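The values are calculated or read from the model by the stated rules, or taken from the named source; none is laboratory data. Just so we're clear, the structure is a prediction, and the values are computed from it rather than from any experiment. Cβ placement follows ideal geometry from the backbone for every residue including glycine, while neighbour counts extend to all protein chains displayed.
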Amino acid sequence: MEPSSRRLRSADPPRPTRRRSAGLIATVVTGVVLAVLLAEHGPPRSARAEPRASPTPSIRPIGGSGLFGPGEQPRFTVAGVERAADVTWKINDTSGAIVDSGAGRAAARSVEVQPTAVLPSGTYRVTVDVAGGATTSYRFVRTIAGPTAEDTYFGLAVDPVAGALPTLDALGAGTSRQDLQWSAVEKQAGTFDFTAVDARIDPLVRDRGLSPLFVLDYGHVAYTGDAMAPPDVSKPAQAAAWERYVRETVTHMRERHAGADLSYEVWNEWSNNHGSLPDTPAAYIELARVTAAVIRDADPDATIVGPAQNAVAGHELRWLSEWFAAGGADHVDAVSIHPYNQPWGPEHCEPTNPCIGDALFWLRETADRYPRADGTALPIWITETGWPTRFAGQGWVDPDDQTAYVLRTYAVAAQFGVERLYLFEMAEPSLADPDGTARTFGLTGSAVTGYEPKTSAAGWATMQRVLAGKRYVPERRVGDQSDMLFSSPDGRHHTRVVWQTSSRSSATPVRVAMRGTGTIVEPTGSVKTVTATDGTLAMSAKWIPRFVVWDD
């Protein structure tokens, strides 16, 4: 999405803050597989003797994802290792304890590390040291067992390049959000070509069964004069061109994915991307009205969402209030918002700091006052929110804070009946934003890092597995402690999300309701069996939510 959507807003008081080959020889030495690729004809001896700079080692997970399921043994390839170099490796758990290690001598410039220990679910770091001082490390996760890709409450903004797909699979998203830009499907005016788009969408929808949310957005130089400028639908030529783009796109997607749950978001953050048109709700509604009419005609089964606006600060909520009053809800099936609140958590609410919790409370009440024609209230979708994790300016947060805020937001949003929540974003992009700003909202690093999981990736995957298929029941709140219950539709499977907001570094003793024997699941993925006494479990609440899981 456009970078401006993820920065602090300036209209309110400032707040601090992407072989030649002849053979292969493999040798196993103390848990390390050393693979050497032999050249059929080597270079002249003098060429081999020329000095060269020592390579920098890099480590990547075999299989493409740093999140490994219960039945997968973690394995890694280390590239950039000097021939005949001594190599040692170790694996540490989150306490720093060494849980596995090995050593050997590299017979080639690539090394395969195969841990021999059976690692329980949890978060780990593998470190490889090479003689001479070179070292590299990589965080990885052993995920707990549980459902994946079955609950559309858990959404991610995704750039679906092939290298990212194993990580998307491992995280377990049920829905994905991505732009389906006008200029991407009509590169030449008057000619639509979905070949490149299909190559990126088919793996998500056709192969994985995800429920996609496509953003219909941005301009077209041939019609609007600027690649980012929206069409002025009061001008017949621009309106006709935009309607043609919407119809071609929606028709193509339904024909290609006949049984899929397809959704479309009308534009992205009108207030930030309105070109020369007014940034008013009325101006946006004109575009939404035209767009919705085409979608409903081309694909009556599609879901339409909007207005995809920032929705925390006072001026943002005033915009939404005007949008409701002007009939904006008449053209959508769900209200979509982008409640960015960095660098604070979702429940950090005070007069000088509007928060996600208060914004959702306001939005739920407001949406209920503007029901659909059948009298039912419009659902709420959060189609972007997130926290960046690098210390380069206002709004950046510590990685542990990112983990805490992401998990808390999913819990808090459920309290207000949010149907879908798309975290921005799955992975950091390899390139900076156009203004040079590094984008670090991702649950993982970029492709350059091998999509190395942050602590938030471990937390998100763990949360998905313990909450998927369950829905919020009540909320229990005592001071700075939160204790929220989620249960399955049949009332037999339960998860409590427990956290406190008083201290990042200490734990608060609490007692929560639970029956029988269950587990405490940490956001790292580690699990401990616990038993309640007289229907109560004594435990500690921490800054990052913990999960109490049991069955009746």
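Looking for something outside any loop (DSSP other than H, G, I, E, B), among the hydrophobic types (A, V, I, L, M, F, W, C) and either surrounded by fewer than 17 Cβ atoms within 10 Å (Cβ to Cβ) or in contact with a His (Cβ under 8 Å, 6 or more places away or on another chain) (or both) - is there at least one such residue anywhere in region 388-401? The answer is no, given that none of the residues of region 388-401 is outside any loop (DSSP other than H, G, I, E, B), among the hydrophobic types (A, V, I, L, M, F, W, C) and either surrounded by fewer than 17 Cβ atoms within 10 Å (Cβ to Cβ) or in contact with a His (Cβ under 8 Å, 6 or more places away or on another chain) (or both).
In the set (1) part of a loop (DSSP other than H, G, I, E, B); (2) exposed (fewer than 14 other Cβ atoms within 10 Å of the Cβ), Leu378 fails one condition alone, (2).
Residue-wise test of (1) in contact with a Gly (Cβ under 7 Å, 6 or more places away or on another chain); (2) surrounded by 23 or more Cβ atoms within 10 Å (Cβ to Cβ).
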{"position": "Pro354", "(1), (2)": "yes, yes"}
{"position": "Arg364", "(1), (2)": "yes, no"}
{"position": "Thr385", "(1), (2)": "no, yes"}
{"position": "Ala404", "(1), (2)": "yes, yes"}
{"position": "Thr409", "(1), (2)": "no, yes"}
{"position": "Ala413", "(1), (2)": "no, yes"}
{"position": "Gly442", "(1), (2)": "no, yes"}
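The residues in region 87-125 that are among the β-branched types (Val, Ile, Thr) and either more than 15 Å from Thr524 (Cβ to Cβ) or in the same structural domain as Thr455 (by TED's automatic domain parsing) (or both) can be counted, and the count is 7.
For region 169-218, a tally of residues being small (Gly, Ala, Ser) and either surrounded by fewer than 16 Cβ atoms within 10 Å (Cβ to Cβ) or assigned to a helix (DSSP H, G or I) (or both) returns 8. Could you check region 284-321 and list, in sequence order, the residues that are of a type in the set (Gly, Ala, Ser) and outside any helix (DSSP H, G or I)? Of everything in region 284-321, those that are of a type in the set (Gly, Ala, Ser) and outside any helix (DSSP H, G or I) turn out to be Ala302, Gly306, Ala308, Ala311, Ala313.
Residues in region 489-533 that are within 24 Å of the chain's Cα centre (by Cα) and part of a loop (DSSP other than H, G, I, E, B): Thr501, Arg504, Glu522, Pro523, Thr524, Gly525, Ser526. Of the residues making up region 225-258, those that are farther than 20 Å from Thr195 by Cα and not hydrophobic (A, V, I, L, M, F, W, C) are Gly225, Asp226, Pro230, Pro231, Asp232, Ser234, Lys235, Pro236, Gln238, Glu243. When the criteria are applied in full, Arg408 meets the requirement of being basic (Lys, Arg), in contact with a strand residue (DSSP E or B) (Cβ under 7 Å, 6 or more places away or on another chain), under 24 Å from His338 (Cβ atoms) and not in a loop (DSSP other than H, G, I, E, B). Among the residues of region 148-163, is there at least one that is farther than 23 Å from Met253 by Cβ, touching a strand residue (DSSP E or B) at 6+ places or on another chain (Cβ under 8 Å) and in a loop (DSSP other than H, G, I, E, B)? The answer is no, given that none of the residues of region 148-163 is farther than 23 Å from Met253 by Cβ, touching a strand residue (DSSP E or B) at 6+ places or on another chain (Cβ under 8 Å) and in a loop (DSSP other than H, G, I, E, B). Scanning region 96-127 for residues that are modelled with pLDDT under 95, assigned to a strand (DSSP E or B), among the aliphatic types (A, V, I, L, M) and within 18 Å of Gln73 (Cβ to Cβ) gives Val111, Val113. Could you list all residues from region 244-257 that are part of a helix (DSSP H, G or I) and either buried (at least 22 other Cβ atoms within 10 Å of the Cβ) or not hydroxyl-bearing (Ser, Thr, Tyr) (or both)? Selection gives Arg244, Tyr245, Val246, Arg247, Glu248, Thr249, Val250, His252, Met253, Arg254, Glu255, Arg256. When Tyr422 is tested against the conditions (1) at pLDDT 95 or above; (2) in contact with a Pro (Cβ under 9 Å, 6 or more places away or on another chain); (3) hydroxyl-bearing (Ser, Thr, Tyr), the lone failure is (2). Candidates Ala222, Ala260, Ala241: the one that is farther than 21 Å from Thr383 by Cβ and surrounded by 16 or more Cβ atoms within 10 Å (Cβ to Cβ) is Ala241.
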